[in-house]
Amino acid sequence: TPVPTMSIFNNISSYITGTVFHHTGSFLLPYSFPATRPPQPVFGMNPKAGIIFNNMTANLGDNGSADNTFDNLNCGVISEKGMLVVQNSRCTNIRNEAFYPQPYMGSAIAAVNPNTATIYSYLYVYPEVYNAGWSTIADCDYGVYSDHVSTGIKSTNMENVNTGVYVTRNYNLQGFGMTQCRISSQDYGVHMYDNAGSKGMNVSHCEITN
């Protein structure tokens with residue numbers, strides 16, 4: 001359940017491993033309510049996301065267990081105003097179908113914090129390890145999308161993405177670091193925009209090709 005923007009985080013222990021978030025076929029049409037009740041909201045052709053974390057501190061994946069996979073979605077994972085660690089999870093075929101309005105649609109992993117002054121958020125992304133040689137992120141619009149979230153990415157392989165990493169509004173004690181990653185992108189390997197006042201923006205020991 002979402003909590004007010006000004007409140008503390010929901011410290012919920014999550015254990016999500018060996019789970020497939022995948023969409024095939026098409027949704028049924030929105031169902032009709034009686035005239036006395038509002039209609040069901042419309043939705044796109046593909047699910048909005050595999051998981052949405054709201055105002056939570058959570059861990060997704062475990063290197064000692066089977067990997068999670070996210071496929072054929074508008075977003076793989078979304079963290080809103082949260083603290084999230086992602087490991088041993090794989091995202092493929094994540095594309096923006098231009099139905100949902102959020103700018104981070106099409107992201108394998110998106111972390112956003114619209115409340116710039118009152119809540120500190122972070123995202124850490126580690127590689128898919130269960131199947132050696134697999135890309136952690138492949139065939140996506142964005143690999144990682146970070147908006148006013150302290151972000152760290154390590155040893156993550158991104159193949160055939162439009163933009164590997166997009167980082168914006170990384171200020172007010174936020175920081176960004178990426179190391180030992182490999183990115184094959186169509187547009188940008190790493191796109192940093194509007195990050196004046198960041199605690200630090202660092203990319204090291206990476207291989208980026210366009």
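The values are calculated or read from the model by the stated rules, or taken from the named source; none is laboratory data. Here the structure is a predicted model, which means the values were calculated and not measured. Note: ideal-geometry Cβ built from the backbone for every residue, glycine included; neighbour counts use all protein chains shown. All accessible areas refer to the heavy atoms of the entire protein, side chains included, with ligands and DNA or RNA removed. Shrake-Rupley method; radii C 1.70, N 1.55, O 1.52, S 1.80 Å.
For a Förster distance of 22 Å, can you work out the FRET efficiency between the beta-carbons of Lys154 and Asn131, rounded to the nearest 0.05?
Values: r = 18 Å, r/R0 = 0.83.
So, using R0 = 22 Å, E works out to roughly 0.75.
At 0.36 nm per residue, minus the direct Cα-Cα distance, what do Glu97 and Asn59 gain on full extension? Give it in nm, one decimal, please.
Residue separation times 0.36 nm, minus the Cα-Cα distance, leaves 10.9 nm.
Suppose every Lys and Arg Cβ carries +1 and every Asp and Glu Cβ carries -1, with no other charges. What dipole size does the range 86-198 come out with about its Cα centre, to the nearest 20 debye?
260
Carbon and sulfur atoms: what percent of the 1.4 Å accessible area of the range 66-152 do they account for?
On the range 66-152, the fraction of accessible area on carbon and sulfur atoms equals 50 percent.
Arrange the peptides 71-83, 189-201 so that the one whose residues have, on average, the most other Cβ atoms within 10 Å appears first.
Put in order of decreasing packing, that is 71-83, 189-201.
With a cut-off of 20 Å, note down the residues of the range 92-131 whose backbone N falls inside the zone around a label point 7 Å from the Cα of Thr24 toward its beta carbon.
Flagged as within label range: 92-95.
Say each of Lys199 and Asn172 gets a label point 7 Å from the Cα, pointing the same way as Cα to Cβ; how far apart are those two points in nm?
About 1.4 nm separates the two model spin labels.
Nearest 5 is fine: what % of DSSP beta bridges in the range 128-176 come out antiparallel, could you say? Display every interim value, and only then the final one.
Values: 0 of 9 bridges.
So the antiparallel bridges amount to about 0 percent of the total.
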